[in-house]
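One structure below.
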Amino acid sequence: MTGRRFWGAIGVCAAIFAITAVASPLIGSTRIDYSRAFAGLSPDREILFYARLPRVLLKRRVHPASLTQDAAAGRAGHFLALKKRIERHRARAAG
């Protein structure tokens, strides 16, 4: 891959990331009026600035450690569920 193609791909990915980062807080299960939110009127302001925007800024960050932590938490949850199933199976077989 040439340097030009590499930086072109990085630019496209950065643009997609920026679009989703801007659009994500605008999408949600509760309909809000954005002019009221930016004017500081309740409850639209709280929904946008205290619920949606922090979720986008904190959770959707691209950071290898966060991806590793999410994967580890998923594996741990899967292990605990499997352990409970095995214990139930052993209890039924013994009883």
Inset, instruction - Output the residue which, of all residues in the stretch 25-34 that are within 21 Å of the chain's Cα centre (by Cα) and part of a helix (DSSP H, G or I), is surrounded by the most Cβ atoms within 10 Å (Cβ to Cβ). - result: P25
Legend entry - Close pairs (9 angstrom Cβ cut-off, 6 or more residues apart or separate chains): under 13 Å from A21 (Cα atoms) and assigned by TED's automatic domain parsing to the domain that holds I19 in the stretch 32-57, among the aliphatic types (A, V, I, L, M) and outside any helix (DSSP H, G or I) anywhere: R52/I27; R52/I32
Legend entry - Number of positions in the stretch 1-21 that are at pLDDT 90 or above and aromatic (F, W, Y): 2
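To keep it simple, each residue is scored yes or no on (1) modelled with pLDDT of 75 or more; (2) in a loop (DSSP other than H, G, I, E, B); (3) surrounded by fewer than 12 Cβ atoms within 10 Å (Cβ to Cβ).
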{"position": "A23", "(1), (2), (3)": "yes, no, yes"}
{"position": "R36", "(1), (2), (3)": "yes, no, no"}
{"position": "E46", "(1), (2), (3)": "yes, no, no"}
{"position": "L53", "(1), (2), (3)": "yes, no, no"}
{"position": "L67", "(1), (2), (3)": "no, no, yes"}
{"position": "A73", "(1), (2), (3)": "no, no, yes"}
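The values are calculated or read from the model by the stated rules, or taken from the named source; none is laboratory data. If you're wondering where the values come from, they're calculated on a predicted model, not measured in any experiment. With ideal geometry, Cβ positions are generated from the backbone for all residues, glycine too; neighbour counts draw on all protein chains shown.
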